[in-house]
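Asks: Here you go, one structure.
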Amino acid sequence: LRSPLELGAYPPSLGHHLRRWAAAAPERLFLAERTDGGGWREVRWGEALGRVRALGQALLDRGLTAERPLALLSDNGVDHALLQLAAMDVGVPAVPISPAYSLLSRDHGRLRHMLRLTTPGMVYAGDGAAYAAALARLPADVAVVVGRRPPPGAELLAELEGTTPGGAAEEAFAAVGPETVAKILFTSGSTGRPRGVINSQRMLCSNQRMIARLWPFLEQRPPLLVDWLPWSHTFGGNHNFNLVLANGGTLYVDGGKPVPGRIETTVENLRAVSPTLYFNVPRGFDALLPFLEADAELAARFFRRLDLIFYAGAALPQNLWQRLDALARRLRGAPLFLTTAWGTTETAPLATSAHFPLERAGNVGLPAPGCEVRLTPVGEAFELRVRGPNVTPGYHRDPAATAAAFDGDGFFKTGDAGRLADPHDPARGILFDGRIGENFKLGSGTWVDAGKLRLAAIAAGEPVIQDAVVTGHDRGAVGLLVVPSLEGCRRVCGDDALELAELVRRPEVKEHLRAGLAAHNLAHPGSSRRIERALLMVEPPSIDAGEITDKGYLNQRAMRERRAALIERLYAGDGDDVVVV
């Protein structure tokens, strides 16, 4: 499949976008983040360029190169953004690493793997004390830069910003071109060990051109985002951040996350700032929707200037789609453009876009201009394969993985499955069909489409199910390991004080789940779709064990392997206090 739209020209590097907007709108707000006092720390386009040039010179002065890149451990923030832009400006690859691997991990296994692979010359952390345990694992020859509370031997970022930019930085910028490595961005690890994906300047710049061709309204008013999505992942770090960069927009860095105790920060930020575009993952919408539904003033502010709502990163359960649509219709008197796209870390990320009205979740649209998508038979599924300027040249220092990632025609093998929404009319889009590696066979030899069944199960068990792992490999029937929703279970019980360990044993919760899955089974009696039993888990998915990414995407295979004892319990007898048959 190919788009009939021509891609057109795009700049050779992201630094050209920064210089364009610094000249055209120097006083326009570019970046903002909350201060400890509750106000906003703001950086405008003209100031941003000056600081990026100073930091770029400082990185060169400290010996950073393509072989000795800059690793960034911290959460999103103004300093993080400027330092990452500075590295890319002078041809030094940026290596943003998920903060979870420093702060939530106990053994720092994935962090150590990433540092060994990339051999950074410098590591940045916003808070030296908070990241002390991770920084202590660095080799002695790696420089450490922090925003505050420096450990012994570390430099403060303010010292780097005091550098006077010289000819070396300008020469380095002039040498940056489409082939230059902009980032080494690690895969989420949702299907295995994270790999370092080479992100070239061509990939990132062509991808923003693809988006601009499909969203011409970006030229009419600069985008304004309130966004939490981590820059260590391609959705937040490439799609969203670069969208603001390429179109002269404004990004309010949201320090919240879609988890209890952090979602409240997102709510307060959205109460203060009305975005024009809103991006999130399904788990983020699941956490945010109860606040929007309960607070009319917050909802009015949220929808006031919105041009669209966009979800990606995982499939959106239909019940969340319907709730978002109902809220938009009630507040606006008309539906809001609710859309999505599809891609991977290796495709920068957008490969397809649903740039036409959708009626329900599941359709990921059509190929972006300049990008080809091939549906290739693999077993009983069709793998989505991609070719275009937005596709990675390969994996960092891993020639074997690079060679295995492409077919004989140069298409990147994504491992994602898809099918045409209408086999007789390809223009109606592609339906995402899950990860090929997540599917399995029952003991009868019948294939189970785990991705599709997971979505159906979440919808059937709403609001009790937040996510689910589909089980049944070589067994007689399909089962579920349920990641329960704390708030959903409390709603079913009518008690906001109960904790999860109590809720999963409550008869109201178990009966709600049983009735929902029984209704699903009536509509889907076949063995590959019928769910025989479900177990409500209390232990959350582990990021150390690779069971979940910090975006909230579950690694089905890792969950099934690590929780083999729970699966045995799931299939034993007639159930127990947390098993529903």
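Asks: Take residues that are of a type in the set (A, V, I, L, M) and within 24 Å of G365 (Cβ to Cβ) and tell me which of the strands (runs of 3 or more DSSP E) falling wholly in region 227-315 contain 2 or more.
Replies: On the way: elements: 250-253, 277-280, 308-311.
Per the criteria, 308-311.
Asks: Any residue at all in region 470-477 that's part of a helix (DSSP H, G or I), aliphatic (A, V, I, L, M), open to solvent by less than 50 Å² (accessible area, probe 1.4 Å) and in contact (Cβ under 8 Å) with a residue 40 or more places away in the chain?
Replies: Of region 470-477, the ones part of a helix (DSSP H, G or I) are none.
Within region 470-477 (the criterion being part of a helix (DSSP H, G or I), aliphatic (A, V, I, L, M), open to solvent by less than 50 Å² (accessible area, probe 1.4 Å) and in contact (Cβ under 8 Å) with a residue 40 or more places away in the chain), the answer is no, since none of the residues qualifies.
Asks: Among the listed residues G370, G365, identify the single one that is part of a strand (DSSP E or B) and on the phi > 0 side of the Ramachandran plot. Steps first, please.
Replies: Working: G370 fails: part of a strand (DSSP E or B).
Residue meeting the stated conditions: G365.
Asks: Return only the number of the condition from (1) of a type in the set (G, A, S); (2) farther than 26 Å from F356 by Cβ; (3) surrounded by 23 or more Cβ atoms within 10 Å (Cβ to Cβ) that A246 does not satisfy.
Replies: A246 satisfies all of (1) of a type in the set (G, A, S); (2) farther than 26 Å from F356 by Cβ; (3) surrounded by 23 or more Cβ atoms within 10 Å (Cβ to Cβ) except (2).
Asks: Scan region 256-265 and give yes if some residue there is at negative phi, more than 20 Å from the chain's Cα centre (by Cα) and open to solvent by less than 20 Å² (accessible area, probe 1.4 Å), otherwise no.
Replies: Looking through region 256-265, none of the residues is at negative phi, more than 20 Å from the chain's Cα centre (by Cα) and open to solvent by less than 20 Å² (accessible area, probe 1.4 Å).
Asks: Identify the single condition in (1) in contact (Cβ under 8 Å) with a residue 40 or more places away in the chain; (2) more than 20 Å from L350 (Cα to Cα); (3) in a helix (DSSP H, G or I); (4) basic (K, R) that R323 does not satisfy, given that it satisfies every other one.
Replies: (1)
Asks: Among the residues of region 11-40, write down those that are open to solvent by 70 Å² or more (accessible area, probe 1.4 Å), of a type outside the set (A, V, I, L, M) and either over 27 Å from the mean Cα position of the chain (by Cα) or modelled with pLDDT of 95 or more (or both).
Replies: Residues of region 11-40 open to solvent by 70 Å² or more (accessible area, probe 1.4 Å): 16, 20, 23-24, 27-28, 34, 36-37.
With of a type outside the set (A, V, I, L, M) added as a condition, the list becomes 16, 20, 27-28, 34, 36-37.
H16, R20, E27, R28, R34, G37 - these are the residues of region 11-40 that are open to solvent by 70 Å² or more (accessible area, probe 1.4 Å), of a type outside the set (A, V, I, L, M) and either over 27 Å from the mean Cα position of the chain (by Cα) or modelled with pLDDT of 95 or more (or both).
Asks: Would you mind finding the one in A334, A328, A417 that is part of a helix (DSSP H, G or I) and more than 18 Å from the chain's Cα centre (by Cα)? Show your work before the answer.
Replies: On the way: A334 fails: part of a helix (DSSP H, G or I); A417 fails: part of a helix (DSSP H, G or I).
When all the criteria are applied, what remains is A328.
Asks: Filter region 376-407 down to the residues that are of a type in the set (A, V, I, L, M), in a strand (DSSP E or B) and either within 22 Å of T119 (Cα to Cα) or at pLDDT 95 or above (or both) and list them by number.
Replies: Taking region 376-407 as the starting set, the residues that turn out to be of a type in the set (A, V, I, L, M) are 378, 381, 384, 386, 391, 400-401, 403-405.
Subsequent filtering for residues that are in a strand (DSSP E or B) retains 378, 381, 384, 386.
Scanning region 376-407 gives L384, V386.
Asks: Here are the criteria: (1) touching a Gly at 6+ places or on another chain (Cβ under 9 Å); (2) closer than 18 Å to Q84 by Cα. Tell me which single one L160 does not satisfy.
Replies: Going through the list (1) touching a Gly at 6+ places or on another chain (Cβ under 9 Å); (2) closer than 18 Å to Q84 by Cα, L160 breaks only (1).
Asks: Another one. Looking for something more than 24 Å from K183 (Cβ to Cβ) and either without any contact (Cβ under 8 Å) to a residue 60 or more places away in the chain or open to solvent by 40 Å² or more (accessible area, probe 1.4 Å) (or both) - is there at least one such residue anywhere in region 340-353?
Replies: Scanning region 340-353 turns up no residue that is more than 24 Å from K183 (Cβ to Cβ) and either without any contact (Cβ under 8 Å) to a residue 60 or more places away in the chain or open to solvent by 40 Å² or more (accessible area, probe 1.4 Å) (or both).
The values are calculated or read from the model by the stated rules, or taken from the named source; none is laboratory data. From a predicted model like this one, the values you see are computed outputs, not experimental measurements. FYI the Cβ positions are ideal-geometry reconstructions off the backbone, even for glycines, and counts take in every protein chain you see. Areas reflect the complete protein model, heavy atoms only, side chains present, ligands, DNA and RNA absent. Shrake-Rupley method; radii C 1.70, N 1.55, O 1.52, S 1.80 Å.
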